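Here the structure is laid out as structure tokens; the discussion comes afterwards.
The values are calculated or read from the model by the stated rules, or taken from the named source; none is laboratory data. These numbers come from a predicted model, not from an experiment. Counting neighbours? That spans all protein chains shown, and the Cβs are built from the backbone with ideal geometry, glycine included. In case anyone asks, the SASA skips ligands and DNA or RNA and just uses the protein heavy atoms, side chains included. Shrake-Rupley method; radii C 1.70, N 1.55, O 1.52, S 1.80 Å.
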Amino acid sequence: MTRIAAISDESIAKAAGLIRKGRLVAFPTETVYGLGANALDGRAVARIFEAKGRPRFNPLIVHVANVAAAARLGVFNEDAQALAQGFWPGPLTLVVPRLASAGLSDLTSAGLPTVALRVPVNDAARALLQAAGVPVAAPSANISGRVSATAAAHVADDFGGKVDMILDGGPCASGIESTIIGFGEAGPVLLRAGAVPRAAVEELLGNWLIAPDKRQNPQAPGMLASHYAPKARIRLSATEPRPGEAFLAFGKAPASSDSLNLSPSGDLREAAANLFAHLRTLDASGAETIAIMPIPEDGLGEAINDRLRRAAAPRPADRIGDDHE
Ligand code: TXA
Ligand code: MG
């Protein structure tokens, strides 16, 4: 079984050493746990894809300790600079043209000319990135296509001994992935709704974000298909559970024996923080279907509903009912 280590100077130094040696380290961020490897080392990055069962065409986010380190890896136009100044460190990812001089493994960007960059604010993540001294490629630390991990135990459940170390920073504060912004000819594009609400980004830019172009979505390969899927089927917009269903409530809810509530008071931040852990818990109950109450679309609701729609989307036939542990 993989070693789960509490955060300390020693565990951070050990984890940083493992990253530099080309090993896999799962670490907490303010959004979800990441499965990290040295982004300069193609063999290390390949290990991430193997461990997750992730398709190679789906690029990874590169994590760095500060804005200066990010500026060595990509080209920031005026909007990108403003967003980096305004939201880093924090749960925002910027997809910018990649600098060849950066030496990032091609696998990291799945051959694209761009790179997704993020400077997390979580203390343990920052300490690890600082100590590692190399850019760290890290997708969410879950089996590809499945529910993201917001606790160290989730990572251990998914990967068993396949990662070299898990840093345990407790539950993730936001609980939902970073907001991803790309830059098209017509301006900034919202590639993935996430922990920074759209309105905050638009306020800083003084402009609306453009929706990604669905006809030619190569910039966002991982963002269309079924994703965030528990083993159970998902039924959305449920007002109450049907017999045998597990029930995920939001706000004032009918009583049910097999239910959890994302936020009894109807708070979207609390709901985001609970989303993946509650999906995992209800899935573990063995119910065939998880019925989920409607979530308002405003603020963090856009990101929550994005995840729920993908969790409910038709799944590749080979994954239905498979046992990924
Ligand atoms: O909050 C987060 O962003 C977490 C933590 C660990 O940082 N990471 C995360 O990574 O959610 P992942 O791999 O689960 O999702 C990253 C998304 C994928 O959908 C991928 O396709 C997209 O970012 N992406 C990465 N590089 C890209 C690029 N160059 N162009 C467009 N999309 C990119
Ligand atoms: Mg993910």
| Add -39500 (n - 2.57) for each DSSP H run of 4 or more in the chain, then divide by its residues: what number comes out at 222 nm, to the nearest 500 deg cm²/dmol? | -8500 deg cm²/dmol
| message | Can you list residues from other chains, or at least 5 along the same chain, whose modelled amide H is less than 5 Å from the amide H of Ser263? | response | Gly251
| query | Ranked highest first by the average count of other Cβ atoms within 10 Å around their residues, in what order do 204-211, 122-129 fall? | reply | 122-129, 204-211
| request: Using only the Cα atoms of the stretch 65-184, build the gyration tensor, take square roots of its eigenvalues as a ≥ b ≥ c, and label the shape rounded, prolate or oblate: rounded if a/c is under 1.5, else prolate if a/b is larger than b/c, else oblate. | output: prolate
| Based on the alpha-carbon gyration tensor of the stretch 105-163 and its eigenvalue square roots a ≥ b ≥ c, which shape applies: rounded if a/c is under 1.5, prolate if not and a/b is larger than b/c, or oblate? | oblate
| Just Ala173, Ala102, Ala152 to compare: in a GNM of the chain, with alpha carbon springs under 10 Å, which one fluctuates most? | Ala102
| said: Considering only C-alpha atoms, what is the centroid distance from the stretch 234-278 to the stretch 76-91, in Å? | reply: 35 Å
| remark: Along the stretch 175-189, Karplus-curve 3J(HN,Hα) (6.51, -1.76, 1.60; θ = phi - 60°) to the nearest Hz, with x for Gly and Pro, reads x, 10, 5, 5, 6, 10, 10, x, 10, x, 4, 8, x, x, 10
| message | Quick one: 3J(HN,Hα) in Hz for the stretch 282-289, Karplus 6.51/-1.76/1.60 with θ = phi - 60°, rounded, Gly and Pro as x. | response | 5, 4, 5, 6, x, 4, 6, 9
| Accessible area of the chain belonging to carbon and sulfur atoms, whole % at 1.4 Å probe | 52 percent
| query | Can you work out the FRET efficiency for the pair Leu204 and Ala13, with r the C-beta to C-beta distance and R0 = 41 Å, to the nearest 0.05? | reply | 0.70
| Using the heavy atoms of the protein chains alone and a 1.4 angstrom probe, what is the accessible area of the chain per residue in square angstrom? | 43 Å²
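Only bridges whose two residues both fall in the chain count here: according to DSSP, what percent of them are antiparallel, nearest 5?
Within the chain, antiparallel bridges account for around 45 percent of the total.
For the stretch 61-210, what is the charge dipole size about the Cα centre, in debye to the nearest 20, if Lys and Arg each add +1 at the Cβ and Asp and Glu each add -1 at the Cβ? Don't jump to the answer; show the numbers that get you there.
On the way: 8 positive and 12 negative charges, 32 e Å.
Charge dipole, the stretch 61-210, about its Cα centre: 160 debye, nearest 20.
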| request: Would you mind getting the Kirkwood hydrodynamic radius of the stretch 248-306 from its Cα pairs, rounded to one decimal in Å? | output: 11.7 Å
| field | Distant-in-sequence amide H partners of Arg235 (H built 1.01 Å from N, under 5 Å) | value | Ile290, Ala291, Ile292
| What number comes out for the charge environment of Leu205, summing +1 per Lys or Arg and -1 per Asp or Glu over other residues with Cβ under 15 Å away? | -3
| Fraction in percent of alpha-carbon pairs per bin - 10 Å, the chain | 6, 27, 36, 24, 7, 0
| the stretch 126-147 versus the stretch 13-31: alpha-carbon centroid distance in Å | 7 Å
| How many Lys pairs in the chain lie less than 19 angstrom apart by Cα atoms, where the lysines are 8 or more positions apart or on different chains? | 4
| field | Net charge contributed by nearby residues that have their C-beta within less than 15 Å of Pro264 (K/R +1, D/E -1) | value | 0
| note | If amide H atoms are modeled at 1.01 Å from N in the peptide plane, then the residues at a separation of 5 or more from Leu191, or on another chain, having amide H under 5 Å from its own are Ile180, Ile181, Gly182
| request: Convert each backbone phi in the stretch 3-19 into a coupling constant with the Karplus relation 6.51 cos²θ - 1.76 cosθ + 1.60 (shift: θ = phi - 60°), then list the ³J(HN,Hα) values in order as whole Hz, x for Gly and Pro. | output: 6, 9, 10, 5, 6, 7, 4, 5, 5, 5, 5, 5, 4, 5, x, 4, 4
